[in-house]
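The values are calculated or read from the model by the stated rules, or taken from the named source; none is laboratory data. Keep in mind that what you see is a predicted model, and the values were worked out from it rather than measured. A quick note on method: Cβ atoms are made from the backbone with ideal geometry, for glycine too, and the neighbour counts reach across all protein chains shown.
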Amino acid sequence: MADVTDATFERDVLDRSHQVPVVVDLWASWCGPCRTLGPILEKVVGETEGRVELAKVDVDANPAVASAFRVQSIPAVFALSGGKVVDSFVGALPEHQVRAFVEQLAPAASEADRLVEQGDESSLRKALELDPDHAGAVVALAELLVGRGESEQALQVLARIPETPETRRVAALARVGDGAAAAAPGPDGVVGELDLLLDRVKGDEEARQRFLDLLEILGPEDPRTVQYRKALTARLF
């Protein structure tokens, strides 16, 4: 549970909802029904063990958040996922209704989820038999295949699901192969290769793909990634 303010709303609710559903409880100290609903929300959200998070907003102290939700009365509860409101209710609902509201945001772990948590190849393949589009199983199995040099098989597995930052990273590892070691922390062998590739990216599709794959492996937090993406844009345009 987090107490959210006008200043922290974007980070703690909007941004966070891209990782996990966030339930926003708009309340005030003078509101009797809020005092009834608050503990129920805390209990029910706590039971999800992190699959859903709770953000509490005092509307008197944080008028901008209340205005953004166009709140007419409180308690008012909004569920956000992916930066968008996906459900809401107004008033102090009984515990069983609050539980149903919260549980539909993040259903309990499936058998496929439990198999993915085990992480071995047999479990991952069983998970994909149960749920062929299970993103966690797809990425984990592909990464395992890359680790033992079966890059083509890894790319075939990744093709099952839409592209995400994780699938791009593992696909890059598969395509780069042994060259991935150059992008690891340590000696800057990757920098030398990126410099060489930069001279070829405009007219050479293979060079451009390898350049992009090396940046995916470096990751968005590496300062070299930003530097070389800017250099790539300058060369292409």
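Given the criterion under 19 Å from Pro21 (Cα atoms) and over 24 Å from the mean Cα position of the chain (by Cα), identify the matching residue among Phe89, Phe78. So that I can check it myself, show each step before the final result.
Working: Phe78 fails: over 24 Å from the mean Cα position of the chain (by Cα).
The match here is Phe89.
Can you tell which of Asp87, Asp113 is closer than 30 Å to Ala28 by Cβ and either assigned to a helix (DSSP H, G or I) or in the same structural domain as Glu49 (by TED's automatic domain parsing) (or both)? Break it down into steps so the answer makes sense when it comes.
Numbers: Asp113 fails: closer than 30 Å to Ala28 by Cβ.
Answer to the selection: Asp87.
Considering only residues that are at pLDDT below 95 and aliphatic (A, V, I, L, M), which ones fall in segment 15-27?
Across segment 15-27, the qualifying residue is only Val20.
Which residues, counting only those in segment 139-159, are in a helix (DSSP H, G or I) and surrounded by fewer than 17 Cβ atoms within 10 Å (Cβ to Cβ)? Quick ask: steps written out before the conclusion?
At the first step, the residues of segment 139-159 found to be in a helix (DSSP H, G or I) are 139-147, 151-158.
Those that are in a helix (DSSP H, G or I) and surrounded by fewer than 17 Cβ atoms within 10 Å (Cβ to Cβ): Gly147, Glu152, Gln153, Gln156.
Do you know which residues across segment 41-61 are surrounded by fewer than 19 Cβ atoms within 10 Å (Cβ to Cβ) and assigned to a helix (DSSP H, G or I)?
Passing the criteria: Glu42, Lys43, Gly46, Glu47.
Failed condition for Val20, given (1) surrounded by fewer than 21 Cβ atoms within 10 Å (Cβ to Cβ); (2) in contact with an Asp or Glu (Cβ under 8 Å, 6 or more places away or on another chain); (3) over 13 Å from Ala106 (Cα atoms), with all others met?
Exception for Val20: condition (3).
When the residues of segment 81-117 are narrowed to those that are in contact with a Leu (Cβ under 8 Å, 6 or more places away or on another chain) and farther than 30 Å from Arg70 by Cβ, which ends up surrounded by the fewest Cβ atoms within 10 Å (Cβ to Cβ)?
Here the answer is Glu111.
Residues checked against (1) part of a loop (DSSP other than H, G, I, E, B); (2) free of Cβ contacts under 8 Å to residues at least 24 places away in the same chain; (3) in contact with a Phe, Trp or Tyr (Cβ under 7 Å, 6 or more places away or on another chain):
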{"residue": "Ala106", "(1), (2), (3)": "yes, no, no"}
{"residue": "Leu124", "(1), (2), (3)": "no, yes, no"}
{"residue": "Asp133", "(1), (2), (3)": "yes, no, no"}
{"residue": "Ala137", "(1), (2), (3)": "no, no, no"}
{"residue": "Ile161", "(1), (2), (3)": "yes, no, no"}
